[in-house]
Amino acid sequence: MGLIDHIRNLLKGLGIAGKHLGRHAITIQYPEERMEMPERSRGIVVLLSDKETGELNCTACELCMRACPTAAIKIVTHRDENKKKHLDVFEVDNGLCCFCGLCEEACNFSALKMATKYEFSTLGADELVWDVNKLQEVGRDVDYVDTRKKKKPKPEPKADAKPTAPKPEKTDAKPKPEQPATVSEPVNPAGSSTEEKVNEEPLPEEQERKEEKKEGGPTDGSV
Amino acid sequence: MAELRTEEFQVNMGPHHPSTHGVCRLVLTMDGEKVVAVEPVIGYLHRAIEKICENRTYPQCSPMMDRFEYVTAMSSDYVYALAVEKLAQLEVPERAEYLRVIMLELNRIASHLIFWGVTAMDIGAYTPFLYGLREREDIIDLFEMTCGQRLTYNYIRIGGVSRDIPKEFEPKCRAFIKKLRGKFSDYEGLLNENPIWLARTKGIGVLTPETAISYGASGPVLRASGIDYDLRRDDPYSIYDKFDFAIPTQKTGDCYDRFIQRLDEMKESLKIIEQALDGLPEGEIKAKVKPKFKPPEGEVYSRIESARGEMGAYVRSDGTTKPVRVKLRGSSYNHLALVPEICTDVLIADLVAIFATLDIIMPEVDR
């Protein structure tokens, strides 16, 4: 290749770059402009509320906690005299969350969603742990398809049907055996045995539940 | 007058050198400008993914795989899912297989676009980096539209895929294929005949076929050395045997060939995606997997052709919900071992070119 070829080939590349000179910029100037996130975008975990009553859809079934691979979700529940479960603590540590979406898929009650929101920077790591109020508040304006609605008419004729939503008038409903039956605590990220932690009087299903916990949740927090 | 003599000295390149694509330290023994010996020091990006998997259930391991090789996270998702499916002898629905192939090939193109841009930037041409990442953005948007994430997809699951593609996916994907086909003339015109580029890459870092085989090289690195070997054709997995595509190869195995090899492969991947979109059947997207998934006792190794070469996953099960052992094979590890072999008596600038065209990424090495 002679010198003329060299120069021609150099100019060829320059010409291709030159074609883009007049093109308008594609950069989006955050935070003045924001991208519109796709509907399925997996962002912050939020708790959803009933569209009419405004109460949480969560039934404290702990399926999301067991699905979470990084133990970012912490749930503490207690049972009242009718053995109905109530939510005491629901915390999501956004610092541990890996945004995999397994909790959303595990949820059967349209209670939890990965919203398209993505801004949660704070000054300290402690503030990344969001409690139930914060999660509910952030999730208020999140639109969702309520998959419980189809199931809702069913339980009404039967008093002992499986509860699908936390409804105050249904306090006499008996929980089914597949509902978690212990005063349960979150999977301990520190890696200690889960067996010691169940301190309340054990119910018949307890043994089974413990087995499942041991196998189910992650037992160490090193991610 | 005393005779002039030279003395060898050591220089650390990295761990945070931008051209090491992650965190890799290269201990260089230099004689003036010449590199006499290279010793890669690895472990700066170690995240113990294999160990973490031993404490997770089978479905919970899937998000960890995204972090194994995050430039083509679809491949690493897939290789793990394939291993577990083999172990549990799961039948995957046909539509899921088609969707997987579409995503895998799109991800291969995305990875090669990054390679194209980053290699050019390492060697000194900045423009391709911007163009490559601009086109990659379209692919990432397609992924985000389908699975909700841009990098750690967690899309390919045990038994199928997590979600079906949305309606607007197919037209957008076809538009992208058309757009990228039109861009290739630009890509080739920018660098392929540029005299500076040729001087920097031709005849540099020649990898002979014998060396490539003895070091276990695979993928584009192996094919650039002239060996016609591709797992998609030679050990077909998924539904790759249904598609008609060529396996491009080069002759000399220098930096230039490895660079051209990836451009050629992108064109073939586009063909596969088009055929898969044409033949996409209706139906289920995921086989039924029990919530407490327990594959039978046994061990299995699965391997696929990722954008970088052979990617493998070894999974051993003892019949419980958690794997006893998950071992991942990344081709970058073997390619990093090639660096001391072919980087003798080269300049530092050539070392950067060799490192870049081997397309080594450190998460795959350290795991």
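The values are calculated or read from the model by the stated rules, or taken from the named source; none is laboratory data. Being a predicted model, the structure only gives us computed values, none of them experimental. Cβ: placed from backbone, ideal geometry, glycine included. Neighbour counts: every protein chain shown. Protein only, heavy atoms only, side chains kept; ligands, DNA and RNA dropped before computing areas. Shrake-Rupley method; radii C 1.70, N 1.55, O 1.52, S 1.80 Å.
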Restricting to segment A:49-60, name every residue that is open to solvent by 20 Å² or more (accessible area, probe 1.4 Å) and of a type outside the set (D, E).
A:K51, A:T53, A:G54, A:L56, A:C58, A:T59
Every residue from segment B:150-179 that is crowded, with 16+ Cβ neighbours inside 10 Å and hydrophobic (A, V, I, L, M, F, W, C)
B:I156, B:I158, B:V161, B:I165, B:F169, B:C173, B:F176, B:I177
Output the residues belonging to segment B:50-64 that are buried (at least 20 other Cβ atoms within 10 Å of the Cβ) and in contact (Cβ under 8 Å) with a residue 40 or more places away in the chain.
B:C53, B:R56, B:T57, B:Y58, B:P59, B:C61, B:S62, B:P63
Out of A:T53, A:T59, sole residue that is of a type in the set (V, I, T), in contact (Cβ under 8 Å) with a residue 12 or more places away in the chain and part of a loop (DSSP other than H, G, I, E, B)
A:T59
If I filter segment B:333-367 down to residues being charged (D, E, K, R) and over 16 Å from the mean Cα position of the chain (by Cα), which single residue comes out as surrounded by the most Cβ atoms within 10 Å (Cβ to Cβ)?
B:D350
Sole residue being touching a helix residue (DSSP H, G or I) at 6+ places or on another chain (Cβ under 7 Å) and either touching a residue at least 60 places away in the same chain (Cβ under 8 Å) or within 14 Å of chain A (Cβ to nearest Cβ) (or both), chosen from B:K167, B:K183:
B:K183
I'd like to know if segment A:155-164 contains one or more residues that are at pLDDT below 80, under 15 Å from A:L56 (Cβ atoms) and either open to solvent by 60 Å² or more (accessible area, probe 1.4 Å) or out of contact with any His (no Cβ under 9 Å at 6 or more places or on another chain) (or both).
yes
Name every residue in segment B:171-225 that is of a type in the set (S, T, Y) and part of a helix (DSSP H, G or I), in order of residue number.
B:S185, B:Y187, B:T201, B:T211, B:S214
For segment B:231-275, which positions are surrounded by fewer than 20 Cβ atoms within 10 Å (Cβ to Cβ), more than 17 Å from B:V221 (Cβ to Cβ) and of a type in the set (V, I, T)?
B:I239
Selection count, segment B:206-229, where residues are surrounded by fewer than 24 Cβ atoms within 10 Å (Cβ to Cβ) and either touching a strand residue (DSSP E or B) at 6+ places or on another chain (Cβ under 9 Å) or free of Cβ contacts under 8 Å to residues at least 40 places away in the same chain (or both)
8
Counting just the residues of segment A:99-136 that are outside any helix (DSSP H, G or I), within 14 Å of chain B (Cβ to nearest Cβ) and open to solvent by 20 Å² or more (accessible area, probe 1.4 Å), which one comes out farthest from A:C58 (Cα to Cα)?
A:Y118
Test for A:R66: is it within 14 Å of chain B (Cβ to nearest Cβ), of a type in the set (D, E, K, R) and surrounded by fewer than 18 Cβ atoms within 10 Å (Cβ to Cβ):
no
Among the residues that make up segment B:133-141, is at least one of them surrounded by 18 or more Cβ atoms within 10 Å (Cβ to Cβ), β-branched (V, I, T), closer than 29 Å to B:F259 by Cβ and more than 13 Å from chain A (Cβ to nearest Cβ)?
yes
Looking for something open to solvent by 60 Å² or more (accessible area, probe 1.4 Å) and either in contact (Cβ under 8 Å) with a residue 24 or more places away in the chain or of a type in the set (D, E) (or both) - is there at least one such residue anywhere in segment A:3-24?
no
